[in-house]
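The block underneath contains the structure these notes are about, expressed in structure tokens.
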Amino acid sequence: MPTIVVDVMPKAELLDPQGKAVAGALARRGEDAFSTVRIGKRFELTVDGEVDDAVLARAREIAEEILSNAVIEDVVGIEVVE
Amino acid sequence: MSVRIGVITFPGSLDDRDAQRAIRLAGAEPVALWHGSHDLEDVDALVLPGGFSYGDYLRSGAIAALSPIMAEVKDAAAAGMPVLGICNGFQMLVEAHLLPGGLIRNANQQFIRRDQRLRVENASTAWTNAFRAGDEIVVPLKNGEGGYIADGETLKRIEGEGLVAFRYLGINPNGSLNDIAGLVNERGNVVGLMPHPEHATEPGFGPDTAAAMRSGTDGLGFFASAMAAVAALAA
């Protein structure tokens, strides 16, 4: 069944406390190749039937209005995978 | 006729009963409301209580903000009814776009529980008119996602228009921009804050004060304010 994958990330200019905590742990382990870590979310919306333009448009609206909060996050990707 | 203040219970609400008790202690009549209903049962004011609705899934308050009863809450807010969001309720109000900005994980990643000093910045709201601007109050704070954020333009607007209702004093516990602890909407009827006024309403169970341990009742002023606001609306 086709799946629409939505990726959401905290806004770049905002503090990402989770990412910062992971980056701190990596640094403590001597992983010095990675300077920053940012943590986002991936949503997988399974579709019964075809993903036509209408379904994709609706997914885009849901991604902007419900799956993410534009005040603190950005939708950085919407793609269809089989 | 007593003032009826509704407290909406959502799946995962924790402080709904405490809010009801605080309302009773303040001299109003608490009315238990349910998130799945479309009936506000003729209440005069509304409290969205603290807790962890839907386990904080998606974003704190986000799923509760889509509840059936939130349609009526939005209509009531638009009609001028006093609405107070406490902690998770504040998160619901920003997710429902009834207040600007957003709340994210505390800057230090810690869940904070402390008796928090606050300054009342705006004393002309439906939930703060019993105070004077500049008053210092102590109210318990307990949250993991209380960091207030907004973009620069929004922050400038809310500061310029006096929409900051409360500011953290002494310590900023969660990294909130401009030490913002609570906000009010332009009309003055919708207030949200992270600290819990309902936990400072009964001697023996409130924050410590200089006078005696656990004697703090600064939270009563919130509910007294709403009762005065309701009386003013009816007049």
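Please treat every number below as a calculation from the coordinates, not as lab data. Because the structure is predicted, anything quoted here is derived from the model rather than measured. Neighbour counts run over all protein chains shown; Cβ positions are idealised from the backbone, glycine included.
Do we find that B:Leu98 is within 14 Å of chain A (Cβ to nearest Cβ), under 16 Å from the mean Cα position of the chain (by Cα) and part of a helix (DSSP H, G or I) in this structure?
Numbers: within 14 Å of chain A (Cβ to nearest Cβ): yes; under 16 Å from the mean Cα position of the chain (by Cα): yes; part of a helix (DSSP H, G or I): no.
Here the answer is no, as B:Leu98 does not meet what is asked.
Determine whether A:Asp53 is over 22 Å from B:Val94 (Cβ atoms), touching a residue at least 40 places away in the same chain (Cβ under 8 Å) and among the acidic types (Asp, Glu).
Working: over 22 Å from B:Val94 (Cβ atoms): yes; touching a residue at least 40 places away in the same chain (Cβ under 8 Å): no; among the acidic types (Asp, Glu): yes.
Here the answer is no, as A:Asp53 does not meet what is asked.
Do you know which residues across the range A:20-56 are assigned to a helix (DSSP H, G or I) and under 30 Å from B:Gln109 (Cα atoms)? Explain how you work it out, then say what you get.
First pass over the range A:20-56, keeping only residues assigned to a helix (DSSP H, G or I): A:20-28, A:53-56.
Result: A:Lys20, A:Ala21, A:Val22, A:Ala23, A:Gly24, A:Ala25, A:Leu26, A:Ala27, A:Arg28.
Just for the range B:48-84: of the residues that are aromatic (Phe, Trp, Tyr) and part of a loop (DSSP other than H, G, I, E, B), which one is nearest to the other protein chains (Cβ to nearest Cβ)?
To start, the set of residues in the range B:48-84 that are aromatic (Phe, Trp, Tyr) comprises B:52, B:54, B:57.
In the following step, the residues that additionally are part of a loop (DSSP other than H, G, I, E, B) were identified as B:52, B:57.
On the way: B:Phe52: 17, B:Tyr57: 11 Å.
So the residue we want is B:Tyr57.
Only residues that are assigned to a loop (DSSP other than H, G, I, E, B) and not small (Gly, Ala, Ser): list them for the range A:67-82, please.
Taking the range A:67-82 and keeping what is assigned to a loop (DSSP other than H, G, I, E, B), we get A:68-72, A:82.
Correct list: A:Asn69, A:Val71, A:Ile72, A:Glu82.
Which one of these is among the hydroxyl-bearing types (Ser, Thr, Tyr) and out of contact with any strand residue (DSSP E or B) (no Cβ under 8 Å at 6 or more places or on another chain): A:Thr36, A:Thr46? Don't jump to the end; show me each part of the working.
Numbers: A:Thr46 fails: out of contact with any strand residue (DSSP E or B) (no Cβ under 8 Å at 6 or more places or on another chain).
Within the list A:Thr36, A:Thr46, the selection yields A:Thr36.
Mind checking whether some residue in the range B:93-108 is out of contact with any helix residue (DSSP H, G or I) (no Cβ under 9 Å at 6 or more places or on another chain) and in contact (Cβ under 8 Å) with a residue 40 or more places away in the chain?
Of all residues in the range B:93-108, those out of contact with any helix residue (DSSP H, G or I) (no Cβ under 9 Å at 6 or more places or on another chain) come to none.
There is no residue in the range B:93-108 that is out of contact with any helix residue (DSSP H, G or I) (no Cβ under 9 Å at 6 or more places or on another chain) and in contact (Cβ under 8 Å) with a residue 40 or more places away in the chain.
Step by step: first the residues of the range B:85-95, then only those that are of a type outside the set (Val, Ile, Thr) and within 14 Å of another protein chain (Cβ to nearest Cβ), then the one that is surrounded by the fewest Cβ atoms within 10 Å (Cβ to Cβ). Which residue is that?
At the first step, the residues of the range B:85-95 found to be of a type outside the set (Val, Ile, Thr) are B:85, B:87-93, B:95.
Okay, now just the ones that are also within 14 Å of another protein chain (Cβ to nearest Cβ), so B:90-93, B:95.
Working: B:Phe90: 28, B:Gln91: 30, B:Met92: 30, B:Leu93: 29, B:Glu95: 25.
Of everything passing the filter in the range B:85-95, B:Glu95 is surrounded by the fewest Cβ atoms within 10 Å (Cβ to Cβ).
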